[in-house]
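Down below is the structure, laid out as structure tokens.
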Amino acid sequence: MKRLLVFLAVAGVAWSAISPAQERIQAEYDRAAQAMKYKYMDGVLAIRDHGYQCIGPDGKKVSPGEDMHSMNFVMAQSAAIQETTTILQFVQSNSNEARVRIRDTIVLGLPGPPDHPSPPYFIVAVNDDTWVRHGDAWKLSRTRIVKQAAGYGDSAPVLNQ
């Protein structure tokens with residue numbers, strides 16, 4: 001009984017270590033993933049702040065047009081989309097800004113003939129995101145793609161954080 005109480009106390013401390021800001025930001029990632037699943041572009045974009053910026057792994061800014069073209073292409077070419085975003089590191093620098101390192105995994109089901117289905121296509125990225133708070137809402141203001149990999153197969157490519 002004593003061991004159980006110690007375990008529950010330690011588990012409770014670990015569970016409460018997630019801040020309300022991190023919970024809300026994870027909920028925004030989850031909401032965008034649901035929108036991606038249903039190919040609902042406005043829902044994907046709803047988590048972004050006005051003036052959102054994306055920086056590629058080469059350090060160059062990705063234009064809004066390139067970003068939209070890529071997302072539209074993925075949505076148009078995929079029979080099914082499943083996205084999972086995992087927060088790897090969360091640092092809230094002040095009450096209105098958070099820096100978040102994530103692992104984003106997108107699995108695309110590509111159309112193919114029924115007798116020879118295409119294997120899933122994986123896109124995996126480690127990103128450093130900056131979120132800003134406006135009142136009660138958190139918005140994604142900047143994404144820097146640290147590294148990414150993609151390919152066909154039964155499992156996602158491995159990326160070291």
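The values are calculated or read from the model by the stated rules, or taken from the named source; none is laboratory data. These numbers were taken from a predicted model, which means no experiment stands behind them. Every residue, glycine among them, receives a Cβ derived from its backbone with ideal geometry; neighbour counts consider all protein chains shown.
Scanning the stretch 42-63 for residues that are assigned to a helix (DSSP H, G or I) and either exposed (fewer than 14 other Cβ atoms within 10 Å of the Cβ) or β-branched (Val, Ile, Thr) (or both) returns ASP42, VAL44.
Can you pull out every residue in the stretch 93-102 that is surrounded by fewer than 12 Cβ atoms within 10 Å (Cβ to Cβ) and part of a strand (DSSP E or B)? SER93, ASN94, listed by residue number.
Quick check: anything in the stretch 69-92 assigned to a loop (DSSP other than H, G, I, E, B), free of Cβ contacts under 8 Å to residues at least 24 places away in the same chain and in contact with a Gly (Cβ under 9 Å, 6 or more places away or on another chain)? The answer is no, given that none of the residues of the stretch 69-92 is assigned to a loop (DSSP other than H, G, I, E, B), free of Cβ contacts under 8 Å to residues at least 24 places away in the same chain and in contact with a Gly (Cβ under 9 Å, 6 or more places away or on another chain). Of the residues examined, THR105 is one that is in contact with a Ser or Thr (Cβ under 6 Å, 6 or more places away or on another chain) and either surrounded by 12 or more Cβ atoms within 10 Å (Cβ to Cβ) or within 15 Å of VAL126 (Cβ to Cβ) (or both). The set of residues in the stretch 148-161 that are surrounded by 13 or more Cβ atoms within 10 Å (Cβ to Cβ) and either β-branched (Val, Ile, Thr) or outside any strand (DSSP E or B) (or both) comprises ALA156, PRO157, LEU159. Every condition in (1) under 19 Å from ALA137 (Cβ atoms); (2) modelled with pLDDT of 95 or more; (3) surrounded by fewer than 16 Cβ atoms within 10 Å (Cβ to Cβ) is met by THR86 except one, and the failing one is (1). Taking every residue in the stretch 122-147 that is surrounded by fewer than 16 Cβ atoms within 10 Å (Cβ to Cβ) and pairing it with any residue that is among the small types (Gly, Ala, Ser) and not in a strand (DSSP E or B), at least 6 positions away or on another chain, yields no pair with a Cβ-Cβ distance below 6 Å. For the stretch 64-83, taking the residues that are aliphatic (A, V, I, L, M) and loosely packed, with under 12 Cβ neighbours inside 10 Å, the one that is nearest to GLY109 (Cα to Cα) is identified as ALA79.
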